[in-house]
Amino acid sequence: MRLSLKSFMAVAALAACGCSRAEPPVVAPAPASVASPAASQTTQAKTPMSFEQAVAGFPRCELPGLYIDLETGQPASPYFADQRLAPCETTDKLTTYCLKERFHGLPVAKLAIPNTTFPVFALYFDADLATARKTLSRTLGSQFKASKKSRDGIVPELLADPQDGKKSILVCTKEF
């Protein structure tokens, strides 16, 4: 599913305000005099967002929370704050985070997300192109070769890393 510009802006606005379509609105707690002692002692710990949750939409190039909020300068996805990640590289279009994570069995060394409206997302694997294709074919049912769908931003494209032939990059280029 491709996001229209209007949908993308709505998602961006929701992310910027801390809202989420998946979470119910926050309700203020009852005053202390009304709350029972058991209720005031019980606190629910927020479960941190995992890398798998943050990049779950990558196989479909559906990445509404992966961008840098232009107002705050911070990533919209809570994964980055939960993991206390700082960028390892920033350009005028992309912010890159160095990681030690896994994506469907492949070791992930970096994740690049847009810090403008430049619609490019990239996962950098510590695996050569052949290994990455084989693993993604087995786990996701696709080798993510160049296609009309990848050019249209519907699915990512898997490429050899031009700077290191022993590595590969999964790239989503979205058109809004």
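Here residue 94 fulfils each of the conditions (1) among the aliphatic types (A, V, I, L, M); (2) surrounded by fewer than 18 Cβ atoms within 10 Å (Cβ to Cβ); (3) at pLDDT below 95 apart from (2).
So which residues in region 81-113 are of a type in the set (Asp, Glu) and within 12 Å of residue 51 (Cα to Cα), if there are any at all?
Applying the first criterion (of a type in the set (Asp, Glu)) to region 81-113 yields 82, 89, 92, 101.
82, 101 - these are the residues of region 81-113 that are of a type in the set (Asp, Glu) and within 12 Å of residue 51 (Cα to Cα).
Look at region 143-171: where a residue is touching a residue at least 24 places away in the same chain (Cβ under 8 Å), no partner that is in a loop (DSSP other than H, G, I, E, B) and among the hydroxyl-bearing types (Ser, Thr, Tyr) sits 6+ places away or on another chain with Cβ atoms under 6 Å.
Screening region 85-123 for residues that are among the hydroxyl-bearing types (Ser, Thr, Tyr) and part of a loop (DSSP other than H, G, I, E, B) and picking the one that is farthest from the chain's Cα centre (by Cα) gives 91. Within region 61-81, residues that are over 21 Å from residue 154 (Cβ atoms) and surrounded by 12 or more Cβ atoms within 10 Å (Cβ to Cβ) reach partners that are at pLDDT below 90 and of a type in the set (S, T, N, Q) with beta carbons closer than 6 Å, at six or more positions or on different chains, in the pairs 68/115.
Residue 47 meets all of the listed conditions (1) surrounded by 12 or more Cβ atoms within 10 Å (Cβ to Cβ); (2) of a type in the set (Ser, Thr, Tyr); (3) over 16 Å from residue 172 (Cβ atoms) but one, namely (1).
The values are calculated or read from the model by the stated rules, or taken from the named source; none is laboratory data. Treat the numbers as computed from the prediction; the structure is a model and nothing was measured. Neighbour counts are summed over all protein chains in view; Cβ atoms, including those assigned to glycine, are modelled from backbone coordinates with ideal geometry.
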